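The values are calculated or read from the model by the stated rules, or taken from the named source; none is laboratory data. These numbers come from a predicted model, not from an experiment. Here Cβ is always computed from backbone atoms with ideal geometry, including for glycine, and neighbour counts include all displayed protein chains. Heavy atoms of the whole protein, side chains included, go into the accessibility calculation; ligands, DNA and RNA do not. Shrake-Rupley method; radii C 1.70, N 1.55, O 1.52, S 1.80 Å.
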Amino acid sequence: MNMTINKPRESTIVLKGMTKAFIKELTKQHMTKSDFLGTSKIVSSSTMEQMKKMCEDDDN
Amino acid sequence: MQEFVYTELARAKISQNVLRKFNCGHSDFNDYLVEDAVDKSADGMGVTYVLVDKAECENGTISTIFAFATIQAMSLHYYLDEPSDTKLYSIPCVEIKYFAIPKRFQKVNAWSLDATGKYYSTIFFEWLLEELYRISTSVIGFQMIFLRANENGEALYRRKKFIDASAYIIPYEQDDALGKCTPMCLLIGDNIENIFGLESY
């Protein structure tokens, strides 16, 4: 069992004085609900099996 | 017809053989999936989701992992630019600590999934973003997705509108492997104008 002791996480922080510029960049490229609708997750059985076979063929 | 689904790893009860079969070409990621992911989840150190065949998931017979992602709650802290305001503010986030797909799918066009020829990595990551959006709006609220991109993933995240936050985020220590990665952020939500409590930009 891995007994590595994790260091406390450093706080991830935006540097003071840069906030407006950072927010401006973020708001230019934000995602809305419609942006999250991507490629359909429904596929034919043959496609699913072909993709499983691709993983089987992978060299370990 | 069949369907892909992201499902939580510990609940999926996937055999060790199937976990060991996953190979993204990076031993750190492969080993994390096999040896650490379930325990870390139990310790609240990140929950791992795996992309699998939905029918196999429902039957408890998962044979293949097409991708995995480990996410953890966090917050991004910031000060306002006004000198009179010394309060520390925060925005709730989720961090993608790991995202990996099998080596066999990397940099390969997924013509069988998408007529535009997107890579498998793009499609699997889009499905992850869709799942994160669902989580952010119906499980636990967050308004930003954060990750530290290595050289393999950075192009993908830029395509999906993540911004490079190197100029704004305090980096990890130089001797930390993650210090070599690029911090990146994506703001999500339909009503963002007052998300920081500031005037709209």
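Of note:
- The condition of being β-branched (Val, Ile, Thr) and assigned to a helix (DSSP H, G or I) holds for only one of B:50, B:38, that being B:38.
- Selection count where residues are in contact (Cβ under 8 Å) with a residue 24 or more places away in the chain, surrounded by fewer than 22 Cβ atoms within 10 Å (Cβ to Cβ) and away from every other protein chain (no Cβ under 13 Å), scope the stretch B:57-75: 1
- Among the residues of this structure, residue B:78 does not count as one that is in contact with a helix residue (DSSP H, G or I) (Cβ under 8 Å, 6 or more places away or on another chain) and open to solvent by 30 Å² or more (accessible area, probe 1.4 Å).
- Apart from one condition, residue B:29 fits all of (1) in contact (Cβ under 8 Å) with a residue 60 or more places away in the chain; (2) outside any helix (DSSP H, G or I); the exception is (2).
- Enumeration of residues in the stretch B:101-112 that are surrounded by fewer than 20 Cβ atoms within 10 Å (Cβ to Cβ) and either within 7 Å of another protein chain (Cβ to nearest Cβ) or touching a Pro at 6+ places or on another chain (Cβ under 9 Å) (or both): B:103, B:104, B:112
- Taking (1) in contact (Cβ under 8 Å) with a residue 60 or more places away in the chain; (2) more than 8 Å from chain A (Cβ to nearest Cβ); (3) open to solvent by 60 Å² or more (accessible area, probe 1.4 Å) in turn, residue B:138 satisfies each apart from (1).
- The residue list B:87, B:97, B:21 contains one member that is buried (at least 18 other Cβ atoms within 10 Å of the Cβ), of a type in the set (Lys, Arg) and more than 10 Å from every other protein chain (Cβ to nearest Cβ), which is B:97.
- All told, residue B:156 meets the bar of being more than 19 Å from residue B:37 (Cβ to Cβ), within 13 Å of the chain's Cα centre (by Cα) and more than 7 Å from chain A (Cβ to nearest Cβ).
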